[in-house]
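Okay, so here's the structure we're looking at.
The values are calculated or read from the model by the stated rules, or taken from the named source; none is laboratory data. Just so we're clear, the structure is a prediction, and the values are computed from it rather than from any experiment. Cβ coordinates were reconstructed from backbone atoms using ideal geometry, including for glycine residues, and neighbour counts include every protein chain displayed.
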Amino acid sequence: MSLEARKIRLIMLLRRSGISDTQVLSAIEKIPREAFVPQSFHDRAYENETLPIGFGQTLSQPQVVALMTQSLSINKSHKVLEIGTGSGYQAAILSCVARRVYTIERYKPLLQQAEERFAALRIHNIVTKYGDGSLGWPEQVPFDRIILTAAAGDMPEKLYQQLAVGGIMVLPIGPERGEQKILRVIRTEQGPTYEEGPTVFFVPLISGALPDQRPPNAVGRATQKKEI
Ligand code: SAH
């Protein structure tokens, strides 16, 4: 089956699973998911599967990407913040429905690859940042929408504070490898309101010090050099 045919099958599956927002469905149709995963997974790009993207990180199932995007209720006037750029796929989907997307990643090589993909696909309304996304992007506040694509252990207060009043934040919340739920938070004048969604599995949101940026083989080479 061709990738095009698989994509149509996936769109039908998303519709049946309750994705009714036509903007979200056409974003999924427009963005080539295969361009965001390693070559060896190209043929699986339109299966409803989580795929590896390197550095122990994963790109969520299309159904979860679609559901989270739909529950953000985004329109073309919105400024959106994403924490956890990863492959850049979720940011690319957001770029189709929002005015501008700000996205933060703590692995520089992942961010650089994502930037190359945005350029190749001529997506020009995504702004990237290397750093700890749990601190948000204070220079750009307020955001109309915030999405986390890594699971927070607790409600991320700093990020909530960067949301405009009336704004919506969608995130996976729960322990690493434990039960995580999608949470939809609305910032109102009176404080946050919460709505719980389905159970999901995401890699954890890691705050604080940034990790070693070298891929495992480069780490090996560096160690060897030291021994000589
Ligand atoms: N949205 C991504 C999913 C990537 S998986 C995609 O479409 O491919 C989650 C990502 O969150 C990982 O790349 C991980 O490195 C990143 N991450 C985890 N904690 C983070 C933090 N505090 N700041 C920024 N990125 C973080």
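So here's what we get for this one:
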read-out: Residue within region 159-181 that is among the aromatic types (F, W, Y), at pLDDT 95 or above and surrounded by 14 or more Cβ atoms within 10 Å (Cβ to Cβ) present; value: yes
read-out: Residues located in region 143-170, provided they are hydroxyl-bearing (S, T, Y) and under 13 Å from the mean Cα position of the chain (by Cα); value: T149
read-out: Output for region 74-92, where each listed residue is within 26 Å of Q213 (Cα to Cα) and more than 7 Å from the ligand (Cβ to nearest atom); value: L81, A92
read-out: All positions within region 7-26 that are part of a loop (DSSP other than H, G, I, E, B) and of a type in the set (S, T, N, Q); value: S17, S20
read-out: Which listed residue is assigned to a helix (DSSP H, G or I), surrounded by fewer than 23 Cβ atoms within 10 Å (Cβ to Cβ) and within 15 Å of the ligand (Cβ to nearest atom), from E4, E34, E49, E29; value: E34
read-out: Filter result (basic (K, R) and more than 8 Å from the ligand (Cβ to nearest atom)) within region 93-121; value: R99, R100, K108, R117
read-out: Which listed residue is touching a residue at least 60 places away in the same chain (Cβ under 8 Å), acidic (D, E) and farther than 12 Å from I83 by Cα, from D154, D132, D144, D212; value: D144
